[in-house]
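This report concerns only the one structure given below.
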Amino acid sequence: MFAGRALAVPGRIHYGAMLACLLLSCSGLGSELKVRVRLANGRVTEETLEADSQRNLITVELTQGDGSLVTFIADFKQEVKIFRSLILGEMERGQRQYQVLCFVTQLSHNELISSESMARLRQKNPRAVRTAEEQRGVEQLSMSVGVNLSQAWQLSTHIHNMCSDASGAIYTRQADAQYWLERGVDGGTFKTLPQTWGVPALRECPSTEDLWKPCICHHSLRLEWYPCLLRYCRTPAVAAPVSKASSYKCGIRSCSKGYRFRFFVPYRQLCLWDEEDT
Ligand SMILES: *[C@@H]1O[C@H](CO)[C@@H](O)[C@H](O)[C@H]1NC(C)=O
(Lines give C-alpha, C1' and ligand atoms only; values in the text may rest on other atoms or scores of the structure.)
Protein backbone atom coordinates (compact mmCIF):
# COMPACT_ATOMS: atom_id res chain seq x y z
CA MET A 1 0.00 0.00 0.00
CA PHE A 2 1.30 3.39 -0.94
CA ALA A 3 1.63 5.91 1.84
CA GLY A 4 1.43 9.61 1.18
CA ARG A 5 4.83 10.20 2.61
CA ALA A 6 6.55 7.79 0.23
CA LEU A 7 6.83 10.78 -2.04
CA ALA A 8 7.37 13.67 0.25
CA VAL A 9 7.95 17.34 -0.15
CA PRO A 10 11.14 18.15 1.68
CA GLY A 11 11.27 21.41 3.48
CA ARG A 12 11.60 20.90 7.21
CA ILE A 13 14.82 19.66 8.64
CA HIS A 14 13.12 17.19 10.96
CA TYR A 15 11.67 15.52 7.90
CA GLY A 16 15.10 15.07 6.39
CA ALA A 17 15.69 11.75 8.05
CA MET A 18 12.57 10.30 6.48
CA LEU A 19 13.74 11.34 3.08
CA ALA A 20 16.62 8.97 2.61
CA CYS A 21 15.57 8.83 -0.93
CA LEU A 22 16.59 9.16 -4.48
CA LEU A 23 17.06 12.66 -5.76
CA LEU A 24 16.17 12.59 -9.41
CA SER A 25 17.13 16.05 -10.47
CA CYS A 26 19.34 18.62 -8.86
CA SER A 27 18.46 21.62 -10.97
CA GLY A 28 15.59 22.72 -8.77
CA LEU A 29 13.67 23.68 -11.91
CA GLY A 30 12.59 20.32 -13.17
CA SER A 31 12.30 16.76 -12.03
CA GLU A 32 11.31 13.44 -13.37
CA LEU A 33 9.65 10.63 -11.46
CA LYS A 34 9.17 7.11 -12.66
CA VAL A 35 6.32 5.34 -10.96
CA ARG A 36 5.35 1.72 -11.48
CA VAL A 37 1.57 1.40 -11.57
CA ARG A 38 -0.83 -1.48 -11.93
CA LEU A 39 -3.33 -1.30 -14.81
CA ALA A 40 -6.91 -2.58 -14.71
CA ASN A 41 -5.83 -5.69 -16.63
CA GLY A 42 -3.36 -6.53 -13.85
CA ARG A 43 -0.26 -5.66 -15.81
CA VAL A 44 2.32 -3.27 -14.43
CA THR A 45 3.47 -0.31 -16.48
CA GLU A 46 5.92 2.48 -15.82
CA GLU A 47 4.53 5.97 -15.76
CA THR A 48 6.77 9.00 -16.16
CA LEU A 49 5.90 12.28 -14.47
CA GLU A 50 7.89 15.38 -15.27
CA ALA A 51 7.61 18.81 -13.78
CA ASP A 52 9.06 21.97 -15.25
CA SER A 53 8.48 24.76 -12.78
CA GLN A 54 10.05 27.40 -14.99
CA ARG A 55 7.69 26.72 -17.90
CA ASN A 56 5.00 25.90 -15.33
CA LEU A 57 3.90 22.56 -16.69
CA ILE A 58 3.57 18.93 -15.71
CA THR A 59 3.81 16.04 -18.17
CA VAL A 60 2.54 12.51 -17.49
CA GLU A 61 3.18 9.66 -19.88
CA LEU A 62 2.21 5.99 -19.79
CA THR A 63 1.29 3.06 -21.99
CA GLN A 64 -2.28 1.84 -21.49
CA GLY A 65 -3.43 -1.75 -21.29
CA ASP A 66 -4.51 -1.63 -24.94
CA GLY A 67 -1.00 -0.58 -26.01
CA SER A 68 -1.80 3.07 -26.70
CA LEU A 69 0.71 5.63 -25.49
CA VAL A 70 -0.89 8.48 -23.58
CA THR A 71 0.83 11.80 -22.99
CA PHE A 72 -0.83 14.37 -20.77
CA ILE A 73 0.31 17.97 -20.33
CA ALA A 74 -1.00 20.33 -17.71
CA ASP A 75 -0.11 23.82 -18.93
CA PHE A 76 -0.66 25.95 -15.82
CA LYS A 77 0.47 29.13 -17.56
CA GLN A 78 -2.32 29.00 -20.12
CA GLU A 79 -4.68 26.90 -17.95
CA VAL A 80 -5.04 24.22 -20.57
CA LYS A 81 -4.69 20.47 -20.41
CA ILE A 82 -3.76 18.41 -23.44
CA PHE A 83 -4.22 14.67 -23.87
CA ARG A 84 -2.51 12.89 -26.73
CA SER A 85 -3.12 9.24 -27.51
CA LEU A 86 -0.94 7.38 -29.93
CA ILE A 87 -2.97 4.35 -30.93
CA LEU A 88 -1.33 1.50 -32.76
CA GLY A 89 -3.04 0.84 -36.07
CA GLU A 90 -4.30 -2.48 -37.30
CA MET A 91 -2.31 -2.71 -40.50
CA GLU A 92 -4.05 -5.91 -41.57
CA ARG A 93 -7.23 -3.85 -41.61
CA GLY A 94 -5.70 -1.20 -43.84
CA GLN A 95 -4.86 1.31 -41.13
CA ARG A 96 -1.77 3.41 -40.77
CA GLN A 97 0.96 2.24 -38.40
CA TYR A 98 -0.37 4.52 -35.72
CA GLN A 99 -3.03 7.12 -35.28
CA VAL A 100 -2.79 10.19 -33.08
CA LEU A 101 -5.67 11.86 -31.27
CA CYS A 102 -5.44 15.11 -29.32
CA PHE A 103 -7.95 16.46 -26.83
CA VAL A 104 -7.61 19.97 -25.46
CA THR A 105 -9.67 21.37 -22.62
CA GLN A 106 -9.46 23.86 -19.78
CA LEU A 107 -7.37 23.04 -16.74
CA SER A 108 -9.16 23.85 -13.50
CA HIS A 109 -7.46 24.87 -10.32
CA ASN A 110 -6.69 22.04 -7.93
CA GLU A 111 -6.88 19.26 -10.48
CA LEU A 112 -3.33 18.40 -9.63
CA ILE A 113 -0.56 19.91 -7.53
CA SER A 114 1.45 22.83 -8.87
CA SER A 115 4.49 22.26 -11.08
CA GLU A 116 6.61 23.84 -8.37
CA SER A 117 5.49 21.34 -5.72
CA MET A 118 5.77 18.53 -8.20
CA ALA A 119 9.35 19.53 -9.05
CA ARG A 120 10.25 19.16 -5.37
CA LEU A 121 9.00 15.61 -5.00
CA ARG A 122 11.64 13.07 -4.19
CA GLN A 123 11.18 9.44 -5.00
CA LYS A 124 11.36 6.62 -2.52
CA ASN A 125 11.14 2.91 -3.37
CA PRO A 126 11.21 3.28 -7.15
CA ARG A 127 10.52 -0.47 -7.55
CA ALA A 128 7.27 -0.37 -5.59
CA VAL A 129 4.11 -0.93 -7.60
CA ARG A 130 1.75 1.86 -6.66
CA THR A 131 -1.99 2.18 -6.65
CA ALA A 132 -3.52 5.63 -6.35
CA GLU A 133 -5.10 6.36 -2.98
CA GLU A 134 -8.14 7.99 -4.55
CA GLN A 135 -9.93 6.54 -7.57
CA ARG A 136 -11.70 9.43 -9.23
CA GLY A 137 -13.92 7.61 -11.71
CA VAL A 138 -14.44 8.47 -15.36
CA GLU A 139 -15.25 11.92 -16.75
CA GLN A 140 -17.22 11.90 -20.00
CA LEU A 141 -16.26 14.66 -22.42
CA SER A 142 -18.12 15.47 -25.58
CA MET A 143 -15.49 16.87 -27.93
CA SER A 144 -17.74 18.38 -30.54
CA VAL A 145 -15.39 21.02 -31.92
CA GLY A 146 -12.28 20.58 -34.10
CA VAL A 147 -9.18 22.71 -33.44
CA ASN A 148 -7.03 23.98 -36.32
CA LEU A 149 -3.41 22.96 -35.63
CA SER A 150 -1.90 26.11 -37.11
CA GLN A 151 -4.01 28.30 -34.80
CA ALA A 152 -3.75 26.15 -31.71
CA TRP A 153 -0.81 28.10 -30.26
CA GLN A 154 -3.38 30.67 -29.12
CA LEU A 155 -4.70 28.12 -26.61
CA SER A 156 -1.38 26.60 -25.54
CA THR A 157 2.03 26.85 -27.09
CA HIS A 158 2.51 23.12 -26.41
CA ILE A 159 -0.27 21.91 -28.71
CA HIS A 160 1.74 22.37 -31.88
CA ASN A 161 4.59 20.11 -30.74
CA MET A 162 2.34 17.54 -29.13
CA CYS A 163 -0.32 17.31 -31.78
CA SER A 164 1.34 17.93 -35.14
CA ASP A 165 0.79 14.25 -36.05
CA ALA A 166 -2.87 14.57 -35.12
CA SER A 167 -3.76 17.18 -37.70
CA GLY A 168 -7.48 16.86 -38.35
CA ALA A 169 -7.94 15.04 -35.04
CA ILE A 170 -7.55 17.78 -32.44
CA TYR A 171 -10.73 18.20 -30.49
CA THR A 172 -12.21 20.38 -27.78
CA ARG A 173 -15.59 20.89 -26.12
CA GLN A 174 -18.13 23.49 -27.22
CA ALA A 175 -17.96 25.20 -23.82
CA ASP A 176 -14.16 25.45 -23.98
CA ALA A 177 -14.25 26.93 -27.50
CA GLN A 178 -16.85 29.44 -26.30
CA TYR A 179 -14.68 30.37 -23.32
CA TRP A 180 -11.63 30.94 -25.50
CA LEU A 181 -13.56 32.86 -28.16
CA GLU A 182 -14.80 35.23 -25.45
CA ARG A 183 -11.17 35.81 -24.52
CA GLY A 184 -10.16 36.88 -28.00
CA VAL A 185 -9.02 33.66 -29.61
CA ASP A 186 -9.51 33.84 -33.37
CA GLY A 187 -12.78 32.31 -34.59
CA GLY A 188 -10.97 30.39 -37.35
CA THR A 189 -9.34 28.23 -34.67
CA PHE A 190 -12.53 26.21 -34.15
CA LYS A 191 -14.81 24.24 -36.36
CA THR A 192 -18.05 22.75 -35.08
CA LEU A 193 -18.24 19.12 -36.14
CA PRO A 194 -21.37 17.16 -37.07
CA GLN A 195 -23.23 15.58 -34.15
CA THR A 196 -25.81 12.83 -34.06
CA TRP A 197 -28.60 15.21 -33.01
CA GLY A 198 -28.02 17.42 -36.08
CA VAL A 199 -27.40 14.70 -38.64
CA PRO A 200 -29.96 11.88 -38.39
CA ALA A 201 -27.86 9.52 -40.52
CA LEU A 202 -24.81 9.92 -38.27
CA ARG A 203 -24.44 7.00 -35.86
CA GLU A 204 -22.10 5.74 -33.22
CA CYS A 205 -19.11 3.96 -34.79
CA PRO A 206 -19.83 0.49 -33.35
CA SER A 207 -23.14 0.44 -35.22
CA THR A 208 -21.68 1.84 -38.46
CA GLU A 209 -20.72 -0.97 -40.80
CA ASP A 210 -19.43 0.95 -43.81
CA LEU A 211 -15.77 1.81 -43.15
CA TRP A 212 -16.01 4.96 -45.32
CA LYS A 213 -18.99 6.49 -43.52
CA PRO A 214 -18.59 9.16 -40.82
CA CYS A 215 -19.53 8.24 -37.26
CA ILE A 216 -19.21 9.17 -33.57
CA CYS A 217 -16.20 7.54 -31.95
CA HIS A 218 -15.17 7.02 -28.31
CA HIS A 219 -11.73 6.80 -26.79
CA SER A 220 -10.94 6.13 -23.15
CA LEU A 221 -7.78 6.64 -21.16
CA ARG A 222 -6.75 6.78 -17.54
CA LEU A 223 -4.10 8.75 -15.71
CA GLU A 224 -3.27 5.92 -13.33
CA TRP A 225 -1.33 7.84 -10.74
CA TYR A 226 -0.69 11.52 -10.23
CA PRO A 227 -0.23 13.84 -7.26
CA CYS A 228 -3.59 15.58 -6.89
CA LEU A 229 -3.31 17.24 -3.49
CA LEU A 230 -0.65 18.36 -1.07
CA ARG A 231 -0.80 16.99 2.43
CA TYR A 232 -0.22 19.36 5.28
CA CYS A 233 1.14 18.36 8.65
CA ARG A 234 1.01 20.41 11.83
CA THR A 235 4.07 21.34 13.76
CA PRO A 236 4.09 19.58 17.14
CA ALA A 237 2.12 21.41 19.83
CA VAL A 238 5.22 21.65 22.02
CA ALA A 239 6.81 23.84 19.40
CA ALA A 240 3.93 26.27 19.11
CA PRO A 241 0.78 27.08 21.08
CA VAL A 242 -2.34 25.51 19.53
CA SER A 243 -3.68 28.84 18.38
CA LYS A 244 -0.50 29.50 16.48
CA ALA A 245 0.15 25.96 15.29
CA SER A 246 1.44 26.21 11.78
CA SER A 247 1.21 23.58 9.08
CA TYR A 248 3.67 22.68 6.40
CA LYS A 249 3.73 20.57 3.27
CA CYS A 250 4.71 17.05 4.15
CA GLY A 251 3.61 14.84 1.27
CA ILE A 252 1.05 14.29 -1.41
CA ARG A 253 -2.17 12.46 -2.05
CA SER A 254 -2.25 10.37 -5.22
CA CYS A 255 -5.24 10.10 -7.53
CA SER A 256 -6.26 8.10 -10.55
CA LYS A 257 -8.74 9.46 -13.07
CA GLY A 258 -10.33 8.20 -16.26
CA TYR A 259 -11.49 10.21 -19.26
CA ARG A 260 -13.85 9.06 -22.00
CA PHE A 261 -13.90 11.25 -25.09
CA ARG A 262 -16.70 11.30 -27.65
CA PHE A 263 -15.88 12.82 -31.04
CA PHE A 264 -16.67 12.84 -34.74
CA VAL A 265 -14.58 10.91 -37.27
CA PRO A 266 -15.05 11.35 -41.04
CA TYR A 267 -14.59 7.58 -41.60
CA ARG A 268 -15.43 4.54 -39.50
CA GLN A 269 -11.95 3.34 -40.51
CA LEU A 270 -10.43 5.93 -38.13
CA CYS A 271 -12.11 4.36 -35.11
CA LEU A 272 -11.59 0.63 -35.39
CA TRP A 273 -10.90 0.09 -31.67
CA ASP A 274 -14.38 1.31 -30.76
CA GLU A 275 -16.55 -1.78 -30.88
CA GLU A 276 -19.67 -2.98 -29.12
CA ASP A 277 -19.41 -2.83 -25.30
CA THR A 278 -16.69 -0.22 -25.04
C1 LIG B 1 -6.28 26.36 -40.48
O2 LIG B 1 -5.87 27.70 -40.41
C3 LIG B 1 -4.99 28.10 -41.46
C4 LIG B 1 -4.49 29.51 -41.16
O5 LIG B 1 -5.55 30.39 -40.90
C6 LIG B 1 -5.74 28.00 -42.79
O7 LIG B 1 -4.89 28.39 -43.86
C8 LIG B 1 -6.19 26.55 -42.96
O9 LIG B 1 -6.96 26.43 -44.15
C10 LIG B 1 -7.00 26.07 -41.77
N11 LIG B 1 -7.25 24.66 -41.92
C12 LIG B 1 -8.46 24.13 -41.88
C13 LIG B 1 -8.53 22.65 -42.05
O14 LIG B 1 -9.46 24.78 -41.74
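The values are calculated or read from the model by the stated rules, or taken from the named source; none is laboratory data. Small disclaimer: the values here were computed from a predicted structure and weren't measured. Every residue, glycine as well, gets a Cβ built from its backbone with ideal geometry; the counts of neighbours run over all protein chains shown.
Quick one: E46 ticks every box in (1) in a strand (DSSP E or B); (2) in contact with a Phe, Trp or Tyr (Cβ under 9 Å, 6 or more places away or on another chain) except a single one, so which number is it?
Only one criterion is unmet by E46, namely (2).
Would you pick out the residues in region 60-78 that are assigned to a strand (DSSP E or B) and surrounded by fewer than 20 Cβ atoms within 10 Å (Cβ to Cβ)?
Selection gives E61, T63, L69, T71.
Which one of S144, S85 is away from the ligand (no atom under 15 Å from the Cβ), surrounded by 16 or more Cβ atoms within 10 Å (Cβ to Cβ), more than 17 Å from the chain's Cα centre (by Cα) and at pLDDT 95 or above?
S144 is the lone residue from the list that is away from the ligand (no atom under 15 Å from the Cβ), surrounded by 16 or more Cβ atoms within 10 Å (Cβ to Cβ), more than 17 Å from the chain's Cα centre (by Cα) and at pLDDT 95 or above.
Testing T105 on (1) touching an Asp or Glu at 6+ places or on another chain (Cβ under 9 Å); (2) within 16 Å of the ligand (Cβ to nearest atom); (3) part of a strand (DSSP E or B); (4) not acidic (D, E), one condition comes back false. Which one is that?
(2)
Does E79 satisfy being of a type outside the set (S, T, N, Q), out of contact with any His (no Cβ under 6 Å at 6 or more places or on another chain), modelled with pLDDT of 90 or more and at positive phi?
Taking the combined requirement at face value, the residue satisfies it.
Does any residue of region 88-98 turn out to be more than 16 Å from the ligand (Cβ to nearest atom), in contact with a Ser or Thr (Cβ under 8 Å, 6 or more places away or on another chain) and modelled with pLDDT under 95?
Yes, some residue in region 88-98 is more than 16 Å from the ligand (Cβ to nearest atom), in contact with a Ser or Thr (Cβ under 8 Å, 6 or more places away or on another chain) and modelled with pLDDT under 95.
Which of the residues belonging to region 165-203 are assigned to a loop (DSSP other than H, G, I, E, B) and acidic (D, E)?
Of everything in region 165-203, just one residue is assigned to a loop (DSSP other than H, G, I, E, B) and acidic (D, E), namely D186.
Assuming R130 fulfils every condition listed in (1) among the charged types (D, E, K, R); (2) surrounded by fewer than 18 Cβ atoms within 10 Å (Cβ to Cβ); (3) in contact with a strand residue (DSSP E or B) (Cβ under 9 Å, 6 or more places away or on another chain) apart from one, which condition is it?
In the conditions (1) among the charged types (D, E, K, R); (2) surrounded by fewer than 18 Cβ atoms within 10 Å (Cβ to Cβ); (3) in contact with a strand residue (DSSP E or B) (Cβ under 9 Å, 6 or more places away or on another chain), R130 misses (2) alone.
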